[in-house]
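The values are calculated or read from the model by the stated rules, or taken from the named source; none is laboratory data. Here the structure is a predicted model, which is why all the values come from computation and not from measurement. Here the Cβ positions follow ideal geometry from the backbone for every residue, glycine too, while neighbour counts run over all protein chains shown.
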Amino acid sequence: MKELSLGVYIASYNRADTCTTHNLLEYGTYVVRKSEEEAYRANGITDIIGVEDELINSVVKVNDWIIHNTPEDIVCILDDDICHFYYRMWETVEITGDKELVSAEIERFAQLMADLDIGYGATDTTIIPYNYTQEFEFKGMSGAIRWVNKKAFKAKPNDELRFNWDLDVVLQELLLNRVILKPKYFCSKGKTDTNKGGLSDKKRGDQIACIERMKAKWGKYFQYDLKKNKPTIQVKR
């Protein structure tokens, strides 16, 4: 029987001098636009893949490229601005100075997905202790770390839904595979679009148009509170 392989990738754009995720990992390969590859190398990042710009010129395209153009059976894709990892149960405790422990959690979760034949997994979007309800959840929003088990993954990321693309992937997986897997106990914290390369410059009109496309596609299963800027996946387990 073939041994399963895991690849750890960091999707990055315009953050050659500010990306932080690699500092917390034992191993991981950056995936960047070809036009920026030398800038990343000049800042000391050597484990890197440069891809033609037009193939990965959005958050959706770069995640899709990693899923379909890497050799491993399972990939873990991380945002590039992670500055802390945490264990979160009834309180939140930072994992400091232990890259092996972070790697062990990434690998453990990938093995769980393989064992359970689940296509998509993701960390939570928040580290707030009161958001902890159980060790794992089976639906929900995607945080800064995402796992894809290529054998079981059925969703097709859609660039037209780029502001909610990860929610669309979750809903597709819930429709086609009935479940995703979320570790609630293992979290990360990044800068969330506030530094260059993020989505902080997205126009409100474009964001609302994307929300309306999501509503048209998913109907009652997707709701969005514009006042609180909070989406909800209305799928009962």
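Residue-level check: of (1) part of a helix (DSSP H, G or I); (2) of a type in the set (D, E, K, R); (3) more than 30 Å from His84 (Cβ to Cβ); (4) modelled with pLDDT of 95 or more, Asp168 misses just (3).
Looking at this structure, is Lys217 assigned to a strand (DSSP E or B) and either modelled with pLDDT of 95 or more or out of contact with any Asp or Glu (no Cβ under 7 Å at 6 or more places or on another chain) (or both)?
No: the conditions fail for Lys217.
Residue count for the stretch 66-114, restricted to those that are under 18 Å from Cys19 (Cα atoms) and of a type in the set (A, V, I, L, M): 4.
When the residues of the stretch 13-35 are filtered to those that are among the charged types (D, E, K, R) and buried (at least 19 other Cβ atoms within 10 Å of the Cβ), the one that is farthest from Glu105 (Cα to Cα) is Arg33. Restricted to the stretch 61-110, and to residues that are farther than 29 Å from Asn158 by Cα, in a helix (DSSP H, G or I) and free of Cβ contacts under 8 Å to residues at least 60 places away in the same chain, which residue is nearest to the chain's Cα centre (by Cα)? Checked the stretch 61-110; the qualifying residue nearest to the chain's Cα centre (by Cα) is Ala104.
Residues are listed down the side, and each one gets a yes or a no for (1) at pLDDT 95 or above; (2) of a type in the set (D, E, K, R); (3) farther than 23 Å from Gly143 by Cβ:
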{"site": "Ala39", "(1), (2), (3)": "yes, no, yes"}
{"site": "Glu52", "(1), (2), (3)": "yes, yes, yes"}
{"site": "Asn69", "(1), (2), (3)": "yes, no, yes"}
{"site": "Asp79", "(1), (2), (3)": "yes, yes, no"}
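The set of residues in the stretch 111-130 that are surrounded by fewer than 14 Cβ atoms within 10 Å (Cβ to Cβ) and within 18 Å of Phe153 (Cα to Cα) comprises Gln111, Asp115, Leu116, Asp117. If the condition is being more than 16 Å from Ile10 (Cβ to Cβ) and surrounded by 15 or more Cβ atoms within 10 Å (Cβ to Cβ), then the stretch 75-100 contributes Tyr86, Tyr87, Arg88, Thr92, Ile95. Considering only residues that are of a type in the set (Val, Ile, Thr) and not in a helix (DSSP H, G or I), look in the stretch 1-40 and name the one that is farthest from Asp115 (Cα to Cα). Among those residues, the one meeting the criterion is Thr18. Check whether at least one residue in the stretch 175-184 is among the basic types (Lys, Arg), in contact with a Phe, Trp or Tyr (Cβ under 6 Å, 6 or more places away or on another chain) and surrounded by fewer than 21 Cβ atoms within 10 Å (Cβ to Cβ), and report yes or no. Yes - at least one qualifying residue is present in the stretch 175-184.
Has the stretch 174-184 got any residue that is of a type in the set (Val, Ile, Thr), touching a strand residue (DSSP E or B) at 6+ places or on another chain (Cβ under 6 Å), at pLDDT 95 or above and within 23 Å of Gly7 (Cα to Cα)?
Within the stretch 174-184, the subset of a type in the set (Val, Ile, Thr) is 179-180.
With touching a strand residue (DSSP E or B) at 6+ places or on another chain (Cβ under 6 Å) added as a condition, the list becomes 180.
When the remaining residues are screened for being at pLDDT 95 or above, the result is 180.
Those still in the list that are within 23 Å of Gly7 (Cα to Cα) too: 180.
Checking the stretch 174-184: at least one residue is of a type in the set (Val, Ile, Thr), touching a strand residue (DSSP E or B) at 6+ places or on another chain (Cβ under 6 Å), at pLDDT 95 or above and within 23 Å of Gly7 (Cα to Cα).
Name the residues in the stretch 111-135 that are modelled with pLDDT of 95 or more and either in contact with a Phe, Trp or Tyr (Cβ under 8 Å, 6 or more places away or on another chain) or assigned to a loop (DSSP other than H, G, I, E, B) (or both), would you? Before the answer, list the steps.
First, pick out the residues of the stretch 111-135 that are modelled with pLDDT of 95 or more: 111-123.
Listed by number, the residues that qualify are Met113, Asp117, Ile118, Gly119, Tyr120, Gly121, Ala122, Thr123.
Of all residues in the stretch 223-237, exactly one satisfies the criterion of being outside any loop (DSSP other than H, G, I, E, B), surrounded by fewer than 12 Cβ atoms within 10 Å (Cβ to Cβ) and either among the hydroxyl-bearing types (Ser, Thr, Tyr) or at pLDDT below 90 (or both), namely Lys230. On the basis of being aliphatic (A, V, I, L, M), crowded, with 18+ Cβ neighbours inside 10 Å and either under 14 Å from Leu181 (Cβ atoms) or in contact with a strand residue (DSSP E or B) (Cβ under 7 Å, 6 or more places away or on another chain) (or both), does Ile66 make the cut? Here the answer is yes, as Ile66 does meet what is asked. For Arg146, the criteria (1) of a type in the set (Lys, Arg); (2) assigned to a strand (DSSP E or B); (3) in contact with a helix residue (DSSP H, G or I) (Cβ under 7 Å, 6 or more places away or on another chain) hold in every case but one, which is (3).
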